[in-house]
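Colleague: Quick one: structure below, then a few questions.
Read the figures in this text as sums done on the coordinates, not as results from a lab. The structure presented is a predicted model; accordingly, all values stated were derived computationally and were not measured. Every residue, glycine as well, gets a Cβ built from its backbone with ideal geometry; the counts of neighbours run over all protein chains shown.
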Amino acid sequence: MLRYHNYNIVFQEVPGEITLAINLTNCPNGCKGCHSSYLQENTGKILNENVIEILLKKYGDAITCICFMGGDSDSQTVEKLSLYVRNYSGFRLKTAWYSGRAELPESCSLDNFNFIKLGPYVENLGGLASPTTNQHFYRIENSNLIDETHHFQRKNIRQTHATNN
């Protein structure tokens, strides 16, 4: 059973998209230094198609993407909800999944997402904005993973440059 802690409209999690990010709980990864360690607890409200439908009716006209932040404890339900979003009548939304897994589970199909972030958080390597990160953000096109991590790192370079001037 998939549970969520909260959700918010964000602009930086999926480059070029206005994203409704849903923070999923019960993360099994236990990454040291995780900025959202509270999401490791098995708490929150149940996330299912009914909740997704409510969110789509409320925010569907204001967003271009829904991103599932976590959900590694129940990847099959994340995939099922992604398909639900993509097939929901009236909206042509993209879907993304931020997974802390090193690889996509074999049971999941790339074709059911538009974007996927893979990789556990390793404190000394940093997150997506770090040039030494082990994490990768991919756009999915024709069942292929296209690495788009550079979008996050360019932003970091621009911020560093602006700070130094």
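Every residue, every condition in (1) of a type outside the set (Lys, Arg); (2) more than 22 Å from residue 146 (Cα to Cα); (3) buried (at least 22 other Cβ atoms within 10 Å of the Cβ), yes or no:
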residue: 12; (1), (2), (3): yes, no, no
residue: 28; (1), (2), (3): yes, yes, no
residue: 67; (1), (2), (3): yes, no, yes
residue: 107; (1), (2), (3): yes, no, no
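Colleague: Further question on the same structure: So which residues in region 17-61 are under 19 Å from residue 82 (Cα atoms), outside any helix (DSSP H, G or I) and of a type outside the set (A, V, I, L, M, F, W, C)? Please lay out each step first, then the result.
Modeller: Pass one, region 17-61, residues under 19 Å from residue 82 (Cα atoms): 17-27, 45-61.
Narrowing further to those that are outside any helix (DSSP H, G or I): 17-27, 45-48, 60-61.
Passing the criteria: 17, 19, 23, 25, 26, 45, 48, 60, 61.
Colleague: So, residue 90, is that one outside any helix (DSSP H, G or I), over 17 Å from the mean Cα position of the chain (by Cα) and within 19 Å of residue 121 (Cα to Cα) or not?
Modeller: no
Colleague: Here is a list of conditions, (1) farther than 18 Å from residue 147 by Cα; (2) touching a residue at least 12 places away in the same chain (Cβ under 8 Å); (3) part of a loop (DSSP other than H, G, I, E, B), and residue 100 meets all of them except one; can you say which number that is?
Modeller: (1)
Colleague: Let me ask another. Tally up the residues in region 85-100 that are crowded, with 17+ Cβ neighbours inside 10 Å and among the basic types (Lys, Arg), please.
Modeller: 2
Colleague: Now, a different point. What do you reckon, is residue 54 aliphatic (A, V, I, L, M), at negative phi and in contact with a Leu (Cβ under 6 Å, 6 or more places away or on another chain)?
Modeller: No, not satisfied.
Colleague: Condition first: among the hydroxyl-bearing types (Ser, Thr, Tyr) and over 24 Å from residue 16 (Cα atoms). Can you find one or more residues in region 85-108 that meet it?
Modeller: Yes: one or more hits.
Colleague: Right, another one. So, residue 121, is that one closer than 18 Å to residue 102 by Cβ and assigned to a strand (DSSP E or B) or not?
Modeller: Working: closer than 18 Å to residue 102 by Cβ: yes; assigned to a strand (DSSP E or B): no.
No: the conditions fail for residue 121.
Colleague: Then there's this: Using the structure shown, decide if residue 140 is assigned to a loop (DSSP other than H, G, I, E, B), of a type in the set (Val, Ile, Thr), crowded, with 17+ Cβ neighbours inside 10 Å and touching a residue at least 24 places away in the same chain (Cβ under 8 Å).
Modeller: no
Colleague: Sticking with this structure for a sec: Could you list, in sequence order, the residues of region 111-154 that are touching a helix residue (DSSP H, G or I) at 6+ places or on another chain (Cβ under 7 Å) and among the aromatic types (Phe, Trp, Tyr)?
Modeller: Scanning region 111-154 gives 113, 137.
Colleague: Can you spot a residue in region 73-81 that is within 23 Å of residue 152 (Cα to Cα), of a type in the set (Gly, Ala, Ser) and surrounded by 18 or more Cβ atoms within 10 Å (Cβ to Cβ)?
Modeller: No, there is no match, as no residue in region 73-81 is within 23 Å of residue 152 (Cα to Cα), of a type in the set (Gly, Ala, Ser) and surrounded by 18 or more Cβ atoms within 10 Å (Cβ to Cβ).
Colleague: How many residues are over 15 Å from residue 23 (Cβ atoms) and of a type in the set (S, T, N, Q) if we restrict to region 37-76?
Modeller: Counting residues in region 37-76 that are over 15 Å from residue 23 (Cβ atoms) and of a type in the set (S, T, N, Q) gives 5.
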